[in-house]
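Peer 1: The structure is given below, and queries will be raised subsequently.
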Amino acid sequence: MKIERIQGKNMEVTDAIERYVRKRVAALEKLTRRLQPSTLGVELGKPSEHHNKGEVYYAEFQADINGEKFFASANAEDLYAAIDEVQADIKRQIIDWRKKQKTLGKKEGRSFKSFLRFGR
C-alpha cells in the first residue's frame, strides 16, 4: 500500500509520528498485497489551536483500494491513540469488504454451476 501523503493540520508531523503511521499501515499492507493499485492518504492534527483538554487530536485515513474507497476518522486525547483507532476501523472495513467480495464470487459460481447442470 502506497502512502500518498501524511498531512498535519494545526501541528507539525515529526519523524516519530511518520514512523508510527508507517508501522500501523504495514498491518494494512498484508490485507492489500494482491489488490493493486492501493493508496492511502493520512491526515493528522488538532481541530483547533485553543483546545487543551478532552479529545484534542484526530486522525483520518482515506484509502483507495482497487477502485473501492474507504474512509475512517477518530478523535482521541492522544495522537497515537487516534491513529490506533483509525487503523483498526479501516482494517475492519477492508476485511468486511474482502469477505463480501469472496461471498459474491461463491454465489456467482453456484448459480453458474446450477445453470450448467439444469439449464436455468
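Peer 1: Which one of 104, 40, 31 has the biggest mean-square fluctuation once the chain is modelled by GNM with Cα springs under 10 Å?
Peer 2: Between 104, 40, 31, it is 104 that shows the largest mean-square fluctuation.
Peer 1: A further question on this structure: Under 5 Å between amide H atoms, partner at least 5 residues away or on a different chain: which partners does residue 56 have, H built in plane at 1.01 Å?
Peer 2: The answer is 76, 77.
Peer 1: Expected output is a single nm value to one decimal: the length gained when fully extending between residue 97 and residue 2, i.e. 0.36 nm times separation in residues minus the C-alpha distance. What is it?
Peer 2: 32.3 nm
Peer 1: Would you mind estimating how fast segment 2-118 diffuses translationally, via Stokes-Einstein at 10 °C and 1.306 mPa s with the Kirkwood radius over Cα pairs, in µm²/s?
Peer 2: 100
Peer 1: So in the chain, what percent of DSSP beta bridges are antiparallel if you round to the nearest 5?
Peer 2: Just about 70 percent of them are antiparallel.
Peer 1: Collect residues whose amide H, placed 1.01 Å from N in the peptide plane, falls under 5 Å from the amide H of residue 11; neighbours closer than 5 in sequence don't count.
Peer 2: Amide H neighbours of residue 11, under 5 Å, 5+ apart: 46.
Peer 1: While we're on this one: List the GluC sites (Glu not before Pro) within segment 63-120 that DSSP assigns to loop and that have no more than 13 neighbouring Cβ atoms inside 10 Å.
Peer 2: Sparse-neighbourhood loop GluC sites (Glu not before Pro): 77.
Peer 1: With respect to the cross-link table entries 30/102; 30/99; 2/106; 9/100; 23/99, which display a Cα-Cα separation exceeding 23 Å?
Peer 2: 2/106; 9/100; 23/99
Peer 1: Here's another thing I want to ask about it. Sequence gap at least 6, Cα distance under 8 Å: using those rules, report the relative contact order of segment 2-118 to the nearest whole percent.
Peer 2: That works out to 21 percent.
Peer 1: I've got another one for you. HN-Hα J couplings of segment 96-111 from phi, Karplus 6.51/-1.76/1.60, θ = phi - 60°, integer Hz, Gly and Pro as x?
Peer 2: 4, 5, 5, 4, 5, 4, 5, 5, 5, x, 5, 5, 5, x, 5, 5
Peer 1: For the chain, what is the charge dipole size about the Cα centre, in debye to the nearest 20, if Lys and Arg each add +1 at the Cβ and Asp and Glu each add -1 at the Cβ?
Peer 2: Magnitude of the dipole: close to 1480 debye.
Peer 1: Another question, if that's okay. For the chain, take the longest principal axis of its alpha carbons; what is the angle in degrees between that and the long axis of helix 15-31, to the nearest 10 within 0 to 90?
Peer 2: Here the helix axis deviates by roughly 10 degrees.
Peer 1: What does the charge dipole of segment 55-120 about its Cα centre add up to, to the nearest 20 debye, if the Cβ of each Lys and Arg holds +1 and the Cβ of each Asp and Glu holds -1?
Peer 2: My answer is approximately 1340 debye.
A short reminder: the numbers here are calculations on the coordinates, not readings from a lab. Since this is a predicted model, take the numbers as computed values, not measurements. Positions of Cβ are backbone-derived with ideal geometry, glycine not excepted, and every protein chain shown enters the neighbour counts.
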